[in-house]
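Reviewing the structure listed below.
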Amino acid sequence: MKTSTKRTILAAAISSACLLSAMPSYAEGTFTANASGTSNYIWRGLTQTINEAAIQGGIDYAHESGFYAGTWASNVSYASDDVYSYEHDMYFGFSGEADGFVYDFGYLYYNYDAEANFDFAEIYGSLGMGGFSVTLYLLAHTEADEGEGQDFGFGKASYTSLDYSTEILNGTELSFHVGYHDGDFVDAFNFGDGTDNYADYGVTIAKDGFSFAVTGTDLDDVGEDALDNDEVKFTVAYSMDFEL
């Protein structure tokens, strides 16, 4: 889901090329589209493209009531010969503001190539005030098969993030992020070596659609591979939003 160019809560994100199509605009809501190119698709501190570039984009609908829904896609690859080629996300939720707090909660489905058999979904909730926000994602369900001793049940995997953003120097946005991923599904989807939890962190500077991010994790060196998720990564991206 959009993390490097995804919204952080769908915001970041998360994460979040376009799936642009002509769509009508209604009095109570609006359609928008987004397109981006990034030198590396980073999701929760981990590369989703073996440290190579990604083209990403999506379409969102937002209603004045606070309801929103959308879809987003990106190329992905976890090894040079794996069956993964794309990620297609679908989500809906409700966001708003009350007593100075901003809230956002919803459902997010991650769809991959059928051969991978690893589609999964999460529910999420976020609460923010000022430049701070805290977000919790919980595993809702997955089509993946459990291995011996693994539990992919509801809420058995989670991702918690703390984020802070502030404006500096003529509209430039500076953001800080720390996150923690935990559960059997974390190991099954990302590692397969028994690593069922890790922490990630990042700092991003963004202005006029351009962004530069420095991200890393607390993972140990697992030897030479195409992922290098134990190393600090530097990512450059450009994104655009369109009214439809």
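Peptides 40-52, 167-179, 201-213 ranked from most to least packed, by the mean per-residue count of other Cβ atoms within 10 Å: 40-52, 201-213, 167-179.
Within the shell defined by Cβ-Cβ distances under 12 Å, the residues around Phe67 carry a net charge of -4, with Lys and Arg each +1 and Asp and Glu each -1.
When the chain is fully extended, how far beyond the present Cα-Cα distance does Asp82 get from Asp182, taking 0.36 nm per residue of separation? Could you put the intermediate results ahead of the total?
Values: separation 100, 0.36 × 100 = 36.00 nm, distance 2.43 nm.
Gain in length upon complete extension: 33.6 nm.
Can you work out the PRE-style zone for His63? Point 7 Å along Cα to Cβ, and I want the residues of region 138-152 with backbone N under 17 Å. It comes to no residues whatsoever. Which whole-angstrom value gives the distance between the alpha carbon centres of region 110-127 and region 156-196? Centre-to-centre (Cα) distance: 16 Å.
Per DSSP H run of n ≥ 4, the term is -39500 (n - 2.57); total these for the chain, divide by its residue number, and report the mean residue ellipticity at 222 nm rounded to 500 deg cm²/dmol. Intermediate results must be reported in sequence, preceding the final value.
Numbers: 1 runs with 7 residues, N = 244.
The helix-only estimate for the chain comes to -500 deg cm²/dmol at 222 nm.
The protection proxy used here, the mean number of other Cβ atoms lying within 10 Å of each residue, ranks peptides 120-133, 95-108 as follows, highest first: 120-133, 95-108. With the cut-off at 1.5 for a/c, could you classify the chain from its C-alpha gyration tensor as rounded, prolate or oblate? Here the chain falls in the rounded category.
All of the numbers you see were taken from the coordinates with simple rules; none came from a lab. What you are looking at is a predicted structure, and each value in this text was computed from that prediction instead of being measured. Methodologically, a virtual Cβ is constructed for each residue, glycine included, from the backbone with ideal geometry; neighbour enumeration extends over all protein chains shown.
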